Amino acid sequence: MRVRLVQSPVGEVESLRAVDLVAVGCFEGEQPSADALPDVVLEAARRAAGRSGFAGRRRQRSATSGSPDLGVAVSVTGLGRSDRFDRRELSAWIEDELRHARSAGYGRVLLAVPAHDAAAGAEAGLEVQRRARRVGYRFSRATGPARRELEEVALLPPEAHDAAYRTAEPLAEPLAAAEAWARDLGNTPPNEAHPAWIAAQAEGLAAETGMECEVFDREALERHGMGGLLAVGGGSRRDPRLVRLAWGEGDETIAVVGKGITFDTGGISLKPPKAMDEMKFDKCGACAALGIARGAAALGLPGRFRVFLPLAENMPDGAAYRPGDIVTCYGGKTVEILNTDAEGRMVLADALVRASEEKPDVLLDFATLTGACVVALGPHAAGLFTEDDELAAELTAAGEAAAEPLWRLPLWAEFGREMAGRQADLRNVGGRWGGANTAAAFLANFVEGSGRWAHLDIAGTAWRGPDQEGEFGASGFGVALTLLWLLRRAGRL
């Protein structure tokens, strides 16, 4: 699917002949919001918005059919109240509108971006162009006839922000490509995407971009005493891996760690069978980290970058780790195992210590870590844990701008005390309450020596289930917000 910007304002109706549908938004109690369209198209939009029952409420639709003098169909969709319209609403409208156009059989769509503060400036331009590209993403192993897809999306910026949108245009494609790759990795089924396969994808990226890539196999993990990875991966015939990517120059080191459980049965503490198929998405932290690596390299972002991927398959077997085991993680801390389904924190422990040895100025980790975070925030936001107020503010702002919201949760000392072990330094689960917080407090024990650290629990946002809004499968959550955060730091937006 091709995505392009249209010069704003559109001067003549003839310039719209290349599209089948013009899609326009309309706020509650207002006229359709599109200041850059020819008068005859705006008049058609106003007629559609003036039909009985249409009030501009969110997702209301009214459309006109094409006519000889107009040449294209015009669709008007309600945007809700203007004072409640934000970047998330803008992003949702773009995806909804384009999916609806696709399902209605249109191949070429012009989307008139509403004239609103949420759509103003280069960052909004980047988000609009990225969101449009998301609709063209498809992952499938189906062998039947392919469904019809959109051929082209033309984006018409608000007239006052045409230049800003064009400033963002060169950034949109590499960012969207990085996100799409992360989604591909996340969606790849577990019979294909095992630890060695993910490691091979990282090696391929390194060969393509000139990154340094180091892969620790079982022998290397044993030699370095990475007991967390070895314990979690012990029950699988597919050995665990730890991947390290390194590239870039500069005064600051940014490290990213991504949890990569390629399939999670829960191990001996077996999960219920319902929706266990979705546990192929337990690798989405590692997939996001790889997407960030690809995007940062493609965008030429400055700095020394380090990416670590702890990869394992958590299976029940005679060699699997057990509740009651005591595991020694990399760096020497011991952990009493109370539940083998709390495996993500075990593989992260090894990787976080290894990342901290590089003395990063900022260390971020992405993990589909806890069901407790999903209970707290649902599929609407990821949990953010950090003791650094400035870093929390930066990441939260980037998440809002990229429509990937974060919600900060506390790292109080009480949560850390709850993770103290009875016969070891730590235990791998706390009590029933505050599970996302106790998991984050557990991880805090393994980042000594690093600079500013933030843990992002993406368990509720990393994929969309069949009963949720949006395209089923991996979402790529975390790639856009992190790359936007890095672009801001580099002064590129």
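Compare the peptides 171-180, 462-471, 375-384 by average per-residue count of other Cβ atoms within 10 angstrom and give them in order, highest first.
The densest-packed peptide leads the list: 171-180, 375-384, 462-471.
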**Message:** Could you give each residue of segment 417-427 its phi-based ³J(HN,Hα) in whole Hz, using Karplus coefficients 6.51, -1.76, 1.60 with θ = phi - 60°, and x for Gly or Pro?
**Reply:** 5, 5, 8, 5, x, 8, 10, 8, 4, 9, 10
**Message:** Run the helix sum for the chain: -39,500 (n - 2.57) per DSSP H stretch of 4+ residues, divided by residue count, reported at 222 nm to the nearest 500 deg cm²/dmol.
**Reply:** -11000 deg cm²/dmol
**Prompt:** So how far, in whole Å, is the C-alpha centre of segment 203-263 from the one of segment 285-327?
**Reply:** 6 Å
**Prompt:** Exactly which GluC sites (Glu not before Pro) in segment 328-374 are in a DSSP loop and have at most 14 other Cβ atoms within 10 Å?
**Reply:** Glu357
**Message:** With a 1.4 Å probe and all protein chains kept in place, how much accessible area does Ser356 have, in Å² rounded to the nearest 10?
**Reply:** 0 Å²
**Message:** Which of rounded, prolate or oblate describes the chain when judged by the alpha-carbon gyration tensor and an a/c cut-off of 1.5?
**Reply:** prolate
**Fill in**
Non-local residues with an amide H under 5 Å from the amide H of Gly266, with H modelled 1.01 Å from N and Pro and chain starts lacking one, are Lys271
**Asked** Restricting attention to segment 244-308, which trypsin sites (Lys or Arg not before Pro) occupy a DSSP loop and are surrounded by at most 10 other Cβ atoms within 10 Å?
**Response** Lys274
**Request:** Give the calculated FRET efficiency between Glu208 and Ser52 to the nearest 0.05, with a Förster radius of 56 Å applied to their Cβ-Cβ distance.
**Result:** 0.50
**Fill in**
Nearest 10, in degrees from 0 to 90: the angle of helix 284-298 to the longest Cα principal axis of the chain is 60 degrees
**Fill in**
With x for Gly and Pro, the residue-by-residue ³J(HN,Hα) of segment 185-190, computed from phi through the Karplus equation 6.51 cos²θ - 1.76 cosθ + 1.60 at θ = phi - 60° and given in whole Hz, is 4, x, 7, 4, x, x
**Fill in**
Counting sequence-distant residues (5 or more places) and residues on other chains, those with an amide H built under 5 Å from that of Phe472 are none
**Prompt:** Could you give the length gained on full extension between Arg147 and Glu357, defined as 0.36 nm per residue of separation minus the Cα-Cα distance, in nm?
**Reply:** 70.7 nm
**Item:** For Thr370, distant residues with modelled amide H under 5 Å away
**Value:** Ala459
**Request:** Using R₀ = 35 Å, calculate the FRET efficiency as 1/(1 + (r/R₀)^6) where r is the Cβ-Cβ separation of Ala413 and Arg237; round to 0.05.
**Result:** 0.25
**Nearest-0.05 FRET efficiency for Arg99 and Asp251, computed from C-beta distance (R0 30 Å)** = 0.10
**Fill in**
Note to self: with every protein chain in place and a 1.4 Å probe, the chain gives an accessible area per residue in Å² of 39 Å²
**Message:** Could you work out what % of the accessible surface of the chain is carbon and sulfur, using a 1.4 angstrom probe and leaving DNA, RNA and ligands out of the count?
**Reply:** 48 percent
**Asked** What ³J(HN,Hα) values, in whole Hz, does the Karplus curve 6.51 cos²θ - 1.76 cosθ + 1.60 give for segment 124-132 when θ = phi - 60°, with x put for Gly and Pro?
**Response** 5, x, 5, 5, 4, 5, 5, 5, 4
**Message:** At 0.36 nm per residue, and after removing the present C-alpha to C-alpha distance, how many nm does the segment from Met276 to Glu30 gain when stretched out fully?
**Reply:** 83.9 nm
**Asked** Restricting attention to segment 105-205, which trypsin sites (Lys or Arg not before Pro) occupy a DSSP loop and are surrounded by at most 11 other Cβ atoms within 10 Å?
**Response** Arg141, Arg147, Arg148
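Defining a contact as two alpha carbons under 8 Å apart and six or more residues distant in sequence, what relative contact order in percent does the chain show?
Values: 1156 pairs, mean separation 68.3, N = 493.
This gives 14 percent for the chain.
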**Request:** Measure nothing fancy, just the Cα-based angle from helix 195-209's long axis to the longest principal axis of the chain, in degrees from 0 to 90, nearest 10.
**Result:** 60 degrees
**Request:** Let me know the shape class of segment 130-181, please: from the alpha-carbon gyration tensor, a ≥ b ≥ c as square roots of the eigenvalues, rounded when a/c is under 1.5, otherwise prolate if a/b is greater than b/c, or oblate.
**Result:** oblate
**Prompt:** Dipole of the chain, Cα-centred, from +1 at each Lys and Arg C-beta and -1 at each Asp and Glu C-beta, to the nearest 20 debye?
**Reply:** 1120 debye
**Request:** Go through Ile292, Ile268 and list them by solvent-accessible area, largest first, probe radius 1.4 Å.
**Result:** Ile268, Ile292
**Tally of Lys pairs whose C-alpha atoms are under 23 Å apart, taken over the chain, 8 or more apart or cross-chain** = 10
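The values are calculated or read from the model by the stated rules, or taken from the named source; none is laboratory data. Note that the structure is a prediction, hence the values are computed from the model and not measured. As a convention, Cβ positions derive from the backbone with ideal geometry for all residues, glycine included, and neighbour counts pool all protein chains shown. Ligands, DNA and RNA are excluded from the accessible area calculation, which covers all protein heavy atoms including side chains. Shrake-Rupley method; radii C 1.70, N 1.55, O 1.52, S 1.80 Å.
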